[in-house]
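Heads up, the thing below is written out as structure tokens.
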Amino acid sequence: MNHIWMDARPVLAVGEITSVSLFKHFVIDGGWITWFVLVPLSVVTTALTLHYVITIRRKTQVPGALAEALVGAATRGQIRSILELTNEDETMLGQCAFAACARVNEGVEPARAAVEEAAHERATRLMRRIEYLNMIGNVSPMIGLFGTVVGMIQAFNRIFAAGGGMPDAAKLAGDISVALVTTFWGLLIAIPALTCFAMLRNRIDAFAAECVKFSDGLLSLLTRAAAAKAE
């Protein structure tokens, strides 16, 4: 038993040393730019991404239960019921359906124009929200580049201060670490931020197109229901 315990201890020690060295290399050695700017920015990016992925999805923008209720009311020609159902609805589908029914008495074309305007307005509002990810994705590499420039300036100043001799290797390595680690963090933040921004942008565009198409079908149902009642 003692022999097994003695063999296991060095393995744990190596794992602990590796984790500590990675934290030191990728966080501590990055300097104040990494500590106070890039690491908090990565936390903000993660929080925003999770928030947008949860709030901008089909269930919150194009809910199936609402679509079924709207189709049922439109089939029966109940415009007032649709207006009451969607009056205070914040989903993209609800706002488009409300815009369609609010102007259906003016004709199909004015109603379709109102639908497109409502979809565009809602999509623009959502795009403004996710624009933060685009901004972070474009700014974070610049912050990393700023850290790279700061680190290289410090390294060359240290070489110049040595006066042709050999500068302190440990301090010189620290300056180079600042240059490399800040670039690493800048790219680590930018790549997921821009990827999520593109994904959410495409999702918003798809929801807008789907809502416009659904509202056109809703107008057709209302028109047929009104013609059937007239007959």
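Readers should treat all values here as calculations from the given coordinates under stated rules, not as data from a laboratory. Because the structure is predicted, anything quoted here is derived from the model rather than measured. Cβ placement follows ideal geometry from the backbone for every residue including glycine, while neighbour counts extend to all protein chains displayed.
Per-structure values
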| read-out | value |
| --- | --- |
| Qualifying positions in the stretch 61-89 - in a loop (DSSP other than H, G, I, E, B), out of contact with any Phe, Trp or Tyr (no Cβ under 7 Å at 6 or more places or on another chain) and in contact (Cβ under 8 Å) with a residue 60 or more places away in the chain | Arg76, Gly77 |
| Pro141 being assigned to a helix (DSSP H, G or I) and free of Cβ contacts under 8 Å to residues at least 40 places away in the same chain | no |
| Scope the stretch 46-66; condition small (Gly, Ala, Ser) and closer than 30 Å to Thr195 by Cα; matching residues | Ala47, Gly64 |
| Leu83 among the hydrophobic types (A, V, I, L, M, F, W, C) and more than 19 Å from the chain's Cα centre (by Cα) | yes |
| Residue list for the stretch 126-155, filter: out of contact with any helix residue (DSSP H, G or I) (no Cβ under 6 Å at 6 or more places or on another chain) and either basic (Lys, Arg) or under 12 Å from Ala179 (Cα atoms) (or both) | Arg128, Arg129, Leu145, Phe146, Val149, Val150, Ile153 |
| Members of the stretch 187-231 that are small (Gly, Ala, Ser), surrounded by 16 or more Cβ atoms within 10 Å (Cβ to Cβ) and more than 30 Å from Gly30 (Cβ to Cβ) | Ala208, Ser215, Ala225 |
| Residue within the stretch 109-121 that is touching a Leu at 6+ places or on another chain (Cβ under 9 Å) and not basic (Lys, Arg) present | yes |
